[in-house]
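Here the structure comes first, spelled out in structure tokens, and everything after it is commentary.
The values are calculated or read from the model by the stated rules, or taken from the named source; none is laboratory data. All of these numbers come straight from a predicted model, not from anything done at the bench. All Cβ positions, even for glycine, are placed from backbone atoms using ideal geometry, and neighbour counts span all protein chains on display.
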Amino acid sequence: MLSSMRVIVFASQKGGSGKTTLSGHIAVEAERQGAGPVALIDTDPQGSLAKWWNVRKDPQPAFIQSVFSNLFYDLDSAREEGFRLVVIDTPPAVTRAISEVVSFADIVVAPTRPSPHDLRAVGPTVDIAEARGKPLIFVVNGATQRARITSEAAVALSQHGTVAPVTVHHRVDFAAAMIDGRTVMEIDPFCQSAQEVSALWTYLYERLQRADGGYRQDEGGNAASNPHNRVFGRRAAQ
Ligand SMILES: Nc1ncnc2c1ncn2[C@@H]1O[C@H](COP(=O)(O)OP(=O)(O)OP(=O)(O)O)[C@@H](O)[C@H]1O
Ligand SMILES: [Mg+2]
């Protein structure tokens with residue numbers, strides 16, 4: 001069990017790399033594996049993760065409605081409410097706001113498709129993680145089985161940082177499962193996609209145990225005096 005609340009931030013400036021898909025899947029898997037209570041935060045104005053959660057029947061993981069400017073207080077409240085893990089999805093951009101979100105991370109996860117365009121786009125995400133002194137973990141996502149570019153991508157990414165030893169392959173069940181607010185594990189816990197998510201969570205959990213805690217209570221905030229915009233629970237789709 002994690003000793004204090006931990007924060008995973010999914011970030012990459014490349015659109016469509018899998019940030020939202022993996023945010024939702026990792027949060028659900030963490031809850032399933034007993035690392036909860038887990039909460040999700042969507043900082044992307046597109047609101048894809050929020051919309052997915054809104055059609056989800058299972059209330060776990062919880063959803064925290066937050067905005068960039070309130071993140072500090074909302075994370076503080078989450079810790080006080082007893083959440084053990086918060087998973088934050090971010091928009092596909094490189095902005096000061098995203099850099100500030102990363103400052104709350106224990107680990108930053110950058111899903112990256114094994115394509116030249118995605119590989120060329122990793123630089124700014126690496127820079128943000130480095131500037132904030134945060135461990136960055138690449139996850140090769142959307143890989144084709146037995147394609148040489150998958151291993152080439154992993155090698156290329158390893159020049160810039162740590163690459164998760166688990167590759168998430170391209171399978172339609174990732175998209176199909178999210179249509180009604182579920183995940184691949186909730187459709188078929190024994191399918192290959194579910195096993196990849198499980199293995200990825202096991203790896204991230206181990207990394208979180210080693211991380212010494214990027215988010216701390218004593219950073220000056222007082223959630224009780226700043227409850228604005230804090231909503232635990234469902235919200236209307238954006
Ligand atoms: N491993 C996968 N196999 C099949 N489809 C996937 C996989 N990962 C993601 N997708 C699909 O790719 C699309 C983009 O994924 P997702 O929305 O998670 O990316 P994103 O990084 O959050 O995008 P954005 O940058 O626009 O927020 C979605 O349609 C999603 O269902
Ligand atoms: Mg997204």
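Quick notes
- Helices (runs of 4 or more DSSP H) contained entirely in segment 30-116, each with at least 1 residues that are modelled with pLDDT of 95 or more, surrounded by fewer than 21 Cβ atoms within 10 Å (Cβ to Cβ) and within 16 Å of ligand 2 (Cβ to nearest atom): 48-54
- Segment 5-28, subset more than 8 Å from ligand 1 (Cβ to nearest atom) and assigned to a loop (DSSP other than H, G, I, E, B), residue nearest to R207 (Cα to Cα): M5
- Looking only at segment 172-203, and only at residues there that are without any contact (Cβ under 8 Å) to a residue 40 or more places away in the chain and small (G, A, S), the one that is surrounded by the fewest Cβ atoms within 10 Å (Cβ to Cβ): A176
- Cβ pairs under 8 Å, 6+ apart, first in segment 160-171 and at pLDDT 95 or above, second part of a loop (DSSP other than H, G, I, E, B): T162/P135; V168/G18; H169/T144; H169/Q145; H170/T144
- Within segment 152-179, the only residue that satisfies the criterion of being more than 13 Å from ligand 1 (Cβ to nearest atom) and of a type in the set (D, E, K, R) is E152.
- For segment 119-149, the set of residues classified as within 16 Å of ligand 2 (Cβ to nearest atom) and either closer than 21 Å to H25 by Cα or surrounded by fewer than 20 Cβ atoms within 10 Å (Cβ to Cβ) (or both) consists of V139, N141, G142, listed by residue number.
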